[in-house]
Amino acid sequence: MTIESPPRACPRCDASVAPDARFCANCGQALEANRVDEATQARLTSTAPAPLIEKMRAAKLTGERKPVTALFVDVVGSTALAEQMDPEDWTAMINEAFDLMSRAVFRYEGTIAQLQGDAMLAFFGAPVAHEDDPDRAILAALDMLESTAEFARQLKAVHGIDFRLRIGINTGPVVVGNVGSDLRYEYTALGDAVNVAARMQTAAQPGTILVTEATRRLTGDGFEAEDLGAIEVKGKSEPVHAFRLLGRTASPARKRGLATVGLDSPMVGREEPLRRLEAAFAVVGAGRGRIGFVVGEPGIGKSRLLAELRARVTAERDDGHPATWIEGRCVSYGRNLPYHLLIEIARSTLDLPFTASGAEGRAALDRAVAEILASDPSEVTDTAAYLAHLLSLPLSASEAEIENLEAETVQHRYVAATHRLLRGLSARGPVVLVCEDLHWADQASVEVAGLLMPLATQLRVLVIGALRAETDSPGWSLVSQARETHGEALIDIRLDPLSPADSRTLVANLLEIESLPDHVRDLILARAEGNPFFVEEVVRMLIEHGVIVARDERWVATDEVATIEIPETLHGLLLARIDQLPESAKQSLRVAAVIGRQFPVRVLERVIGVTP
């Protein structure tokens, strides 16, 4: 006799739903996972990396509203697959698939919210927020497809079945509450943020990823996507604008700036820092290496300053010394990716695109190394071998012994190979080596950079590190090291917020201030508070929302301009900074946000019950 589970009631509309249903057929509400799924989820979350576990335990979320990016993934045709397999084989297959998918989620510091039979719901942005959670969700989805590809081939060979995933991603607000152990959370969506992600998954073709416009808009040009236009989805009265993800772009563009709406401005308020960097480059051109650090808050203009320097030093110059520009950029999830900064530097030095791989990528590497070291061909073979190992490109039979060397030995060989490239390039002319976002650098890359810096100062190389003043990050140790060892060879630049006059100049450059009402200009400046990135993002939001429009080459404000809020492109950046605060500080901040934008400190002290 089989005892079937009774139907359940939907928590949103109270309609009757089947016990194994993942969504309510009436309103589309995502439903709770069953007990088996909960046990599997507990097993998966126990395998999360220790640093992520600590971050989540520190979050202590209870009923907090946050913008998140939801990722919904399921196994295509799981019912038909289950009928073809022994139940134990089926369970083992699903568990292994969940293991592969969970690793991708944890790699980018996402959270597994629910398991529902053959499907997984993950969130990026809660309980731990990052400034690039939409990017992280897409990267996790791409990793899922890649990591399950070999698994699918094995299943095809052993069981003769086709295993494929389909994935949907959407960004929107949710309310999150902690209901179990430290790493298990249950999420209730405000609106339909999670449901739309599930609908994208349902609409996706097997082996593909669909994202909504809400997510695509926040990821810039970092991913190639096919615009599917507006598609009809169940439970939505209006079509949803969707994109099919094709992969990462070979050379991702910066998301910041107003190029997408046709606006630009000359650099404002950074003339003195630029003069100092140009002076350092002049010293390098004369044959003496220099090291510089550009330190400032997010959006303060570090990247823009370096872009201006690049335009000037790589152009045809009167002194006949245009620079070779090498640039490596750390990523926010990179502290657990060994040598990821060094890999970026190597690819930039050799002009190898991100997509270069396999035998073709190795051949391109060999050609580039041979060209750079043409004056000393005896070093080509050894240099190419260790750079190929660093970049995970194929090794020849004679190079296979590298795999058996101790990690410390390999690291020193990486340093030697990179130093040879810099020496070869600096023999032709001055070199500028830029390391952006060093506050996100991994420890291995920091160790290599620490070894390279004194070697670089012996060459015609200007090394520049750009980072935030996060003194507890591994990358900050490079600043401390340089201050102790390089003395006058060090250029230490701190970028402060723009002055009110410079902020007005920036807005004027972007929007022809003469034709913009004074109260609109003042509103932009008040929201941006001297941060150039904030200025540009507020202006972009006003234009994209149609709050200010261009008419006859003049900017005109609509009546809705007074309702201006923080652009959603800044939500992740601000939440990520807030999440770094102690719990007591975050509680004070929540209370302060209710009181208002400005108030006496004594008012906050009285509300939260703190003795002055």
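Rule-based calculations on the coordinates, nothing more; no lab input. Values in this document were obtained by computation on a predicted structure and should not be read as measured data. Don't worry about glycine lacking a Cβ; one is built from the backbone with ideal geometry, like all the others, and counts go over all protein chains shown.
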Residue by residue through region 465-481, the couplings from Karplus 6.51 cos²θ - 1.76 cosθ + 1.60 with θ = phi - 60°, in Hz, x for Gly and Pro, are x, 10, 7, 8, 7, 9, 5, 8, 7, x, x, 5, 4, 5, 5, 4, 4
Taking Cα pairs closer than 8 Å and at least 6 residues apart, the relative contact order of region 271-494 in percent is 36 percent
The ³J(HN,Hα) series, computed from each phi in region 91-98 with the Karplus coefficients 6.51, -1.76 and 1.60 at θ = phi - 60°, rounded to the nearest Hz and given as x for glycine or proline, is 4, 5, 5, 5, 4, 5, 4, 5
Counting only residues 5 or more apart in sequence or on a different chain, those whose built amide H sits under 5 Å from that of ALA225 are LEU246
Relative to the compact-globule estimate 2.2 N^0.38 Å (N residues), the Cα gyration radius of region 419-532 stands at a ratio of 1.48
Log entry: pair-distance distribution for region 68-127, C-alpha pairs binned every 10 Å from zero, whole % per bin is 22, 49, 22, 7
Given 304-312, 212-220, 460-468, 145-153, the highest-first ranking by average Cβ count within 10 Å works out to 460-468, 212-220, 304-312, 145-153
Check: C-alpha center region 493-508 vs C-alpha center region 397-473, spacing in Å is 34 Å
Computed from the beta carbon distance with a Förster radius of 41 Å, FRET efficiency for ALA526 and VAL283 to the nearest 0.05 stands at 0.50
For LEU341, the net charge from surrounding residues (Cβ-Cβ under 12 Å; K, R +1; D, E -1) works out to -3
Counting every C-alpha pair in region 271-494, the percent lying more than 23 Å apart is 46 percent
Per the rule of 0.36 nm per residue minus the C-alpha distance, extending THR409 to ARG602 adds in nm 63.6 nm
Spelling it out for ARG164: with amide H atoms placed in the peptide plane at 1.01 Å from N, the residues 5 or more places away or on another chain with amide H under 5 Å from its amide H are VAL76
